[in-house]
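J.: Next up is a structure, given as structure tokens.
The values are calculated or read from the model by the stated rules, or taken from the named source; none is laboratory data. Just so it is clear, the model here is predicted, and its values are computed rather than measured. So basically every Cβ, Gly included, is an ideal-geometry build from the backbone, and we count neighbours across all protein chains shown. Note: areas computed on protein heavy atoms with side chains; ligands, DNA, RNA excluded. Shrake-Rupley method; radii C 1.70, N 1.55, O 1.52, S 1.80 Å.
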Amino acid sequence: MDSFLPSPDCDTISKTYNGQIDSHLIQKTNEGYREILPNLPRGKGWMTEHLVQYQGVWLTPNFALKGLMWVQDHFKPRSTDIFLATFPKTGTTWLKALTFATVNRTRYGFADHPLLTTVPHGCLPFLEACPNDLDGFPSPRLLSTHIPYTLLPNSMTVNQSCRFVYICRDPKDVLVSKWLFMNKLRPKELAPISLEEAFELFCQGISHYGPYWDHVLGYWKASLETPEKVLFLKYEELKEEPSVVVKRLGEFLGHPFSLEEVSKGVVEEIVKLCSFENLSNLEVNKSSVLKLSTQIIIDNRHFFRKGKVGDGKSYLTDEMIKRINEITSEKLLGSGLVFGS
Ligand code: PAP
């Protein structure tokens with residue numbers, strides 16, 4: 001199978017969104033975008049000055065909103081597509097690495113694996129960022145998205161047998177990881193946002209692709225209704241028992257590990273290759289950058305901070321922890337989904 005997809009040409013993507021490549025469909029999305037933008041509710045941004053609320057979700061007014069509108073209007077899914085769906089800072093980088101390594105395990109040796117020289121985000125394209133490029137990609141396509149399940153077009157969720165792998169994480173760790181990350185990316189002319197401010201915004205749901213709890217619940221419910229289509233994972237479980245989760249991942253993706261592979265330690269090799277310790281110490285992840293658009297260029301090292309469970313609590317006051325736990329219990333009540341304390 002041929003799943004190693006080259007990193008999208010992000011310069012092209014950004015030109016596309018800026019209207020410099022004059023495709024009819026891009027123009028249509030841009031027209032719709034210009035029409036709705038002025039009337040959308042605004043909230044304070046974490047990385048950009050503002051976020052806007054569209055169909056109940058908070059998005060950056062340029063990149064994320066246009067990306068969502070494009071996907072809803074024009075994306076053509078294939079029944080073989082596999083999407084890694086995440087809310088930012090819940091384990092996207094790790095899940096990308098594990099999925100890529102699992103699906104391509106017969107193709108690459110562990111000594112000269114693409115993940116040793118390419119940031120996981122470069123191995124697996126971001127759906128919202130590459131509208132023009134995807135048609136030419138071979139099947140099965142491995143793509144990632146931050147779009148909430150409920151906002152995906154029916155062509156992805158109902159009419160096709162696309163599969164989704166979702167990973168969630170304790171909201172306290174998501175909040176703190178996100179706050180530290182976004183302040184690094186926030187332009188110098190905007191004052192950094194304080195933890196108190198970030199906390200308030202997060203609790204009100206005003207964060208990229210937020211509210212967080214709605215995002216999680218959308219995929220959680222879909223995983224209960226159609227478990228063959230949506231695999232729901234937790235960052236904490238992955239930390240606790242990575243080999244068990246990787247085996248589940250292989251099974252779900254239609255690449256189950258054989259007894260021989262298990263006895264030869266292939267699962268453990270994948271876990272080791274994709275571990276925080278390994279990836280964060282690679283030269284490419286210490287010194288290269290990811291160009292998501294002409295405006296958004298991110299140092300790869302920012303995707304690897306601590307990679308720990310429970311680190312959020314060391315930044316938050318007892319009062320903050322209590323409040324966020326209460327919101328979480330309230331929002332998840334009756335869903336069957338729980339996070340640790
Ligand atoms: P993104 O949304 O910007 O892609 P994402 O990868 O979802 O970020 O989340 C980053 C978090 O995952 C960071 O958590 P921290 O801030 O609490 O440390 C990052 O350190 C962690 N992370 C990245 N790679 C790994 C990995 N291989 N194993 C475990 N955690 C990881």
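J.: Between a first residue in the stretch 180-199 that is more than 15 Å from residue 88 (Cα to Cα) and a second residue that is open to solvent by 50 Å² or more (accessible area, probe 1.4 Å) and away from the ligand (no atom under 16 Å from the Cβ), which pairs have beta carbons less than 7 Å apart while being 6 or more apart in sequence or on different chains?
T.: Sorted first by the residue in the stretch 180-199, then by its partner, the pairs are 186/192; 190/49.
J.: For the stretch 288-305, give me each residue that is more than 9 Å from the ligand (Cβ to nearest atom) and either among the hydrophobic types (A, V, I, L, M, F, W, C) or open to solvent by less than 80 Å² (accessible area, probe 1.4 Å) (or both).
T.: 288, 289, 290, 292, 293, 294, 296, 297, 299, 300
J.: From the list 222, 198, pick out the single residue that is of a type in the set (Gly, Ala, Ser) and more than 30 Å from residue 74 (Cα to Cα).
T.: On the way: 222 fails: more than 30 Å from residue 74 (Cα to Cα).
Result of the check over 222, 198: 198.
J.: Within the stretch 215-243, take every residue that is more than 16 Å from the ligand (Cβ to nearest atom) and among the β-branched types (Val, Ile, Thr) and give me the one that is nearest to residue 269 (Cα to Cα).
T.: Ranking the candidates gives 230 first.
J.: Which residue pairs have Cβ atoms closer than 7 Å, lie 6 or more positions apart in sequence or on different chains, and pair a first residue in the stretch 221-247 that is more than 19 Å from residue 148 (Cα to Cα) with a second residue that is away from the ligand (no atom under 13 Å from the Cβ)?
T.: Between residues of the stretch 221-247 that are more than 19 Å from residue 148 (Cα to Cα) and residues that are away from the ligand (no atom under 13 Å from the Cβ), the close pairs are 236/340; 243/267; 243/268; 246/102; 246/267; 247/257; 247/267.
J.: Output the number of the condition that residue 278 fails; it satisfies all remaining conditions of (1) open to solvent by less than 30 Å² (accessible area, probe 1.4 Å); (2) in a helix (DSSP H, G or I); (3) near the ligand (Cβ under 10 Å from one of its atoms).
T.: (1)
J.: Taking the stretch 324-341, which residues are modelled with pLDDT of 95 or more and of a type in the set (Val, Ile, Thr)? Give the steps one after another, and end with the answer.
T.: To start, the set of residues in the stretch 324-341 that are modelled with pLDDT of 95 or more comprises 324-337.
Across the stretch 324-341, the qualifying residues are 324, 327, 328.
J.: Something else now. I'm told residue 129 meets every condition in (1) among the hydrophobic types (A, V, I, L, M, F, W, C); (2) modelled with pLDDT of 95 or more; (3) touching a helix residue (DSSP H, G or I) at 6+ places or on another chain (Cβ under 7 Å); (4) within 16 Å of the ligand (Cβ to nearest atom) except one. Can you identify the failing condition by its number?
T.: That leaves (2) as the condition not met.
J.: Looking at 167, 147, which one is buried (at least 21 other Cβ atoms within 10 Å of the Cβ), assigned to a loop (DSSP other than H, G, I, E, B) and in contact (Cβ under 8 Å) with a residue 12 or more places away in the chain?
T.: After ruling out the rest, the residue left standing is 147.
J.: Hey, can you tell me all the residues within the stretch 113-144 that are part of a helix (DSSP H, G or I) and open to solvent by 10 Å² or more (accessible area, probe 1.4 Å)?
T.: 114, 116, 121, 135, 136
J.: Additional query: Collect the residues in the stretch 62-100 that are of a type in the set (D, E, K, R), touching a strand residue (DSSP E or B) at 6+ places or on another chain (Cβ under 9 Å) and not in a helix (DSSP H, G or I), keeping them in residue-number order.
T.: 81
J.: I would also like to ask the following. Of the residues 331, 306, 313, 322, only one is under 23 Å from the mean Cα position of the chain (by Cα), of a type outside the set (A, V, I, L, M, F, W, C) and farther than 17 Å from residue 180 by Cα; which?
T.: The match here is 331.
J.: Looking at (1) within 22 Å of residue 71 (Cβ to Cβ); (2) among the hydroxyl-bearing types (Ser, Thr, Tyr); (3) within 12 Å of the ligand (Cβ to nearest atom); (4) assigned to a helix (DSSP H, G or I), which is the one condition that is false for residue 155?
T.: Going through the list (1) within 22 Å of residue 71 (Cβ to Cβ); (2) among the hydroxyl-bearing types (Ser, Thr, Tyr); (3) within 12 Å of the ligand (Cβ to nearest atom); (4) assigned to a helix (DSSP H, G or I), residue 155 breaks only (3).
J.: Take the stretch 83-102 and flag every residue that is of a type in the set (Val, Ile, Thr) and open to solvent by 10 Å² or more (accessible area, probe 1.4 Å).
T.: Correct list: 92, 93.
J.: Can you tell me which condition residue 70 does not meet? The list is (1) closer than 28 Å to residue 189 by Cβ; (2) surrounded by 18 or more Cβ atoms within 10 Å (Cβ to Cβ), and all the others hold.
T.: Going through (1) closer than 28 Å to residue 189 by Cβ; (2) surrounded by 18 or more Cβ atoms within 10 Å (Cβ to Cβ) one by one, residue 70 breaks only (1).
J.: What about residue 273, is it buried (at least 17 other Cβ atoms within 10 Å of the Cβ) and near the ligand (Cβ under 10 Å from one of its atoms)?
T.: Here the answer is yes, as residue 273 does meet what is asked.
J.: For the stretch 306-321, state whether one or more residues are touching a Leu at 6+ places or on another chain (Cβ under 9 Å), within 16 Å of the ligand (Cβ to nearest atom), outside any loop (DSSP other than H, G, I, E, B) and closer than 28 Å to residue 81 by Cα.
T.: No, because not a single residue in the stretch 306-321 is touching a Leu at 6+ places or on another chain (Cβ under 9 Å), within 16 Å of the ligand (Cβ to nearest atom), outside any loop (DSSP other than H, G, I, E, B) and closer than 28 Å to residue 81 by Cα.
J.: When only residues in the stretch 32-51 that are closer than 25 Å to residue 74 by Cα and either in contact with a Lys or Arg (Cβ under 6 Å, 6 or more places away or on another chain) or touching a residue at least 60 places away in the same chain (Cβ under 8 Å) (or both) count, which is least open to solvent (accessible area, probe 1.4 Å)?
T.: Only one residue fits best here, namely 51.
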